[in-house]
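The values are calculated or read from the model by the stated rules, or taken from the named source; none is laboratory data. Please read all numbers here as calculations on a predicted model, not as lab measurements. Cβ placement follows ideal geometry from the backbone for every residue including glycine, while neighbour counts extend to all protein chains displayed. The area values use the complete protein model at the heavy-atom level, side chains included, leaving out ligands, DNA and RNA. Shrake-Rupley method; radii C 1.70, N 1.55, O 1.52, S 1.80 Å.
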Amino acid sequence: MTTASRLRDPSLAHRFVASDGAALHVAESGPADSAVTLVLVHGWTQDHRTWDFVLPHLDPGVRVLRYDLRGHGGSAPARPGSASIARLADDLAELIADRVPNGPLVLAGHSMGGMTLMVLAERHPSLVASRLAGAAFVATSSGDMDRLTLGFPGLVGRGVTRFEPRLARLLAGLRSDTLRLRPGMVRSGSRRLVFGDRPGRAQVDSVVEQLLCSHPASAGLFLAAIASHRGVGGLGALCDVPSVVLAGEKDRLCPLSHAKVIADELPHAEFVRYPGAGHMLPQERPYEVARQISALVRTAAPR
């Protein structure tokens with residue numbers, strides 16, 4: 001489908017159908033003739049609104065493509081067998097081929113979105129070699145998520161590790177379209193689990209609203225996929241790509257040590273740590289995240 005066709009029918013601009021038939025919600029901003037296109041990929045149980053606080057701090061002259069991963073936000077639930085990081089990487093490659101067939105790309109991924117970038121590099125190396133001009137890994141991990149302790153030591157930490165697969169199976173077995181949880185309870189849990197020091201009410205509310213829009217069974221299946229994620233192989237294909245690795249020092253979900261593994265695999269990447277910040281860097285440190293991404297975009301622009 002051509003860009004002109006989508007402009008004549010605005011509803012088409014917000015919908016992309018992957019090769020297996022899954023319909024994904026897409027949000028675009030900025031000029032279509034921008035020299036560089038920035039694609040922002042969100043994380044688990046979130047959607048394209050993850051980047052709402054970052055977007056105002058980006059250069060308005062840059063085309064920005066955001067979308068909801070399958071099973072999240074306004075996209076279709078993950079079909080049987082499709083809740084994998086590999087499928088997310090293929091979705092991203094197909095979306096790029098359809099919406100951004102030419103020109104340099106900068107990709108930024110938060111959490112599971114960063115994992116998607118790693119697997120994209122492994123599964124679509126020619127795309128990375130020919131098009132990718134910058135990559136930002138925001139509060140993400142290349143593996144060992146099946147050993148997650150949420151920062152708790154000893155017996156409690158081991159209990160967390162054992163509980164996560166059970167949570168994944170519980171969610172995967174749900175048949176409702178949304179998570180039927182009290183927003184107040186989710187807000188309190190999110191504030192403690194995924195944020196660092198003194199998060200703003202609007203930032204916490206944004207995370208909660210997105211979580212409650214995610215598809216429960218898809219969330220469970222993707223939680224299992226995250227636990228088995230091993231992305232070091234993909235990082236090898238990104239060694240020569242200008243990159244940044246951003247990490248909150250109080251991140252319980254993708255700890256600082258996980259971010260350091262990524263930075264060590266990318267010897268030319270800039271490793272930036274944010275004291276007092278947790279997992280939700282796009283909400284907690286939007287200006288700083290935007291500044292790092294914008295630096296990659298400037299480097300990628302043809303001279």
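When nucleic acids and ligands are ignored and a 1.4 Å probe is applied, I226 ends up with an accessible area of around 10 Å². Taking Cα centre as origin and charging only the Cβ of basic (Lys, Arg, +1) and acidic (Asp, Glu, -1) residues, the dipole magnitude of region 194-253 rounds to 140 debye. Accessible surface area normalised per residue over region 172-257 is 47 Å², counting heavy atoms of protein chains with a 1.4 Å rolling probe. Have a look at the DSSP beta bridges in region 25-119 and tell me what percent are antiparallel, nearest 5. Of all bridge pairs located within region 25-119, approximately 30 percent are antiparallel. Just to be sure I understand, if you calculate mean projected area of the Cα convex hull in nm² for this structure, which of (i) 18.7; (ii) 24.8; (iii) 14.7 do you get? The listed entry that was calculated here is (iii).
Overall, the accessible surface of region 39-133 at a probe of 1.4 angstrom is composed of carbon and sulfur to the extent of 55 percent.
How many percent of all Cα-Cα pairs in region 33-82 sit more than 19 Å apart?
Working: 430 of 1225 pairs.
The proportion of pairs with Cα distances above 19 Å equals 35 percent.
Under the convention that each Lys and Arg Cβ holds +1 and each Asp and Glu Cβ holds -1, the size of the dipole of the chain around its Cα centre is about 780 debye.
Here's the picture: charge each Lys and Arg Cβ at +1 and each Asp and Glu Cβ at -1 in the chain, and of A295, C213, A22 the one pushed furthest to the positive end of that dipole is C213. Would you work out if region 259-303 is rounded, prolate or oblate? Take a ≥ b ≥ c from the square roots of the eigenvalues of the alpha-carbon gyration tensor; rounded if a/c is under 1.5, else prolate when a/b is larger than b/c, oblate otherwise. Here region 259-303 falls in the oblate category.
Along the axis of the charge dipole computed for the chain (Cβ charges of +1 for Lys and Arg, -1 for Asp and Glu, origin at the Cα centre), the listed residues T37, A172, S75 are led at the positive end by A172. What a 1.4 Å probe finds exposed on region 210-276 is 57% carbon and sulfur by accessible area, rounded to a whole percent.
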